[in-house]
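Nothing in this text is a laboratory measurement; each read-out follows from the coordinates by a stated rule. Computed from a predicted model, the values in this text were never measured in an experiment. When we count neighbours, we look across all protein chains shown, and the Cβ atoms used for this are built from the backbone with ideal geometry, even at glycine.
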C-alpha cells in the first residue's frame, strides 16, 4: 500500500523475484513525501555507530542498484561538504580516520565523488512500470481469512508503505514523528557552472538541464506546510545565496510534504507484531523481560516499510531487498530495523 519510494522499491524488488504485485495509492504515485524529497544520495560522515554502518551499507547498495537498473536517472555528480563554523571544522577533521568511502580534502571542505541524487518522479514511474497501480484509491475494509482481503482484492502478503500517512491498523507501538519539508527547483545566471552538490545546513544540488535543487528544509511537527514554506522562502534562499550567487534567480517549481521518522532514525522494516496477543502471552515483557522475537505473535503475512525520513532514496532499495528476502526466503531482518525494537520500548513504558 503506497506508491512513494518505499512502496515502489518494494514492489519492484518483489516483481524482480517473480511475484505478482498490486500497489494501492490514495493519491497519485510519488505525490506525497517522496515528491518533496531532494532525493540526495550521500554517505554518513561521523564516528563509527550502528546507524552509520547501516546507512553506508544502504548507500553503497543503492548506488549499485541505481546504476544497474536506472542509470539514466542517476546524477552521480559528487558532494562537497562545507563546515558550518570553527567548531564544525574540528568535528569533521575528527571524522577523517573513519571516512572509509572515497573522499578528498578541498581546503577546509570535503568532497565525496560517489554521492549524487536521482529524480523522484521519473524513478518511481520507472520502478512501477509494468506493475499494476491503482491511484486515487481509498480502501473501505481490510480483513484476513487465509489471505488478505482489501475490498475486492485478495493477496497472500500485505505490505504497509504509507509514508507519514496514518497506518491502516491500530499499532500503538509504531511511534513515529513527522518531519515537514520543502524544496525549490531553481535556475540562475551561472547555474550551469555548478557541477556537483553542496551541503552546509541546507542542500544545494546540481541536476540535469541546469536545474538546481535547493532544500529540503525540515520543520518538526504537524504544521501548515504551505504557510511555513511561504514564511521561510526568503530565509531559505538567503542562506542559499551565502553558498552560491543567485543572480537572476528563477524559481521553477516548489514542493512541500511530510516525512516520518523514528526517534532512533532507523527505518521500520519487517513483520508486524500483534501487540495484544503478544502481551497476553508474555505479560512480563512489560517488566523488561526479553522474550525472543520468534515467540511473538505476528499478523500473518503482514509487513511494514516505513519511516525513511530524509534518506528515503538511500534506504528504500536496500530495505526492499531485505524485505523481499524475508518474505520469500525467511531471512530475518536486523532487530535495529524491525518493529521488535519499537514494541519492546513501548511495552516496557506501559508500566514504567
How far is helix 50-69 tilted, in degrees, relative to the longest principal axis of the Cα atoms in the chain, given as a value from 0 to 90 rounded to the nearest 10?
80 degrees
So, relative contact order of segment 139-198 in percent, Cα under 8 Å, 6 or more apart, is 14 percent
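Over all directions, average the projected area of the Cα convex hull of segment 272-352 and note it in nm². Don't jump to the answer; show the numbers that get you there.
Details: hull surface 23.3 nm².
Taking the Cα atoms of segment 272-352, their convex hull projects to 5.8 nm² on average.
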Which residue fluctuates most in the GNM of the chain (Cα springs below 10 Å): 195, 53, 143?
143
Degrees separating the helix 5-16 axis from the principal Cα axis of the chain, which is the longest one:
60 degrees
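Express in nm, to one decimal, how much length is gained between residue 129 and residue 349 on full extension, taking 0.36 nm for each residue of separation and deducting their alpha carbon distance. List each step's numbers first, then the result.
Working: separation 220, 0.36 × 220 = 79.20 nm, distance 4.42 nm.
Between residue 129 and residue 349, full extension yields 74.8 nm more.
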Starting with the highest mean, order 240-250, 20-30, 311-321 by the number of other Cβ atoms within 10 Å, averaged over the residues of each peptide.
311-321, 20-30, 240-250
Chain lengthening between residue 69 and residue 287 when straightened (0.36 nm per residue, less Cα-Cα):
73.7 nm
The FRET efficiency for residue 332 and residue 53, from their Cβ-Cβ distance with R0 = 25 Å and rounded to 0.05, is 0.90
Given the options 264, 185, 325, which has the most mean-square fluctuation in a GNM of the chain, springs set between C-alpha atoms less than 10 angstrom apart?
264
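Antiparallel DSSP bridges in the chain: what percent, to the nearest 5?
Working: 47 of 56 bridges.
Taking every DSSP beta bridge with both residues in the chain, the antiparallel ones total about 85 percent.
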Between the Cα axis of helix 225-241 and the main Cα principal axis of the chain, the angle (0 to 90°, nearest 10) is 40 degrees
Which value in nm describes the separation of the simple spin-label points at residue 104 and residue 239, placed 7 Å from the Cα toward the beta carbon?
2.9 nm
Ellipticity estimate at 222 nm from DSSP helix runs (n ≥ 4, -39,500 (n - 2.57)) divided over the chain, nearest 500:
-9500 deg cm²/dmol
Which whole-number percent is the relative contact order of the chain (Cα, under 8 Å, 6+ apart)?
24 percent
I want to verify a result. In a Gaussian network model of the chain, Cα cutoff 10 Å, which of these has the top mean-square fluctuation: 164, 147, 42?
147
Label selected from (1) -0.27, -0.56; (2) -0.53, -0.76; (3) -0.32, -0.64, the criterion being log10 I(q)/I(0) by the Debye sum over Cα atoms at q = 0.07, 0.10 Å⁻¹ as computed here
(3)
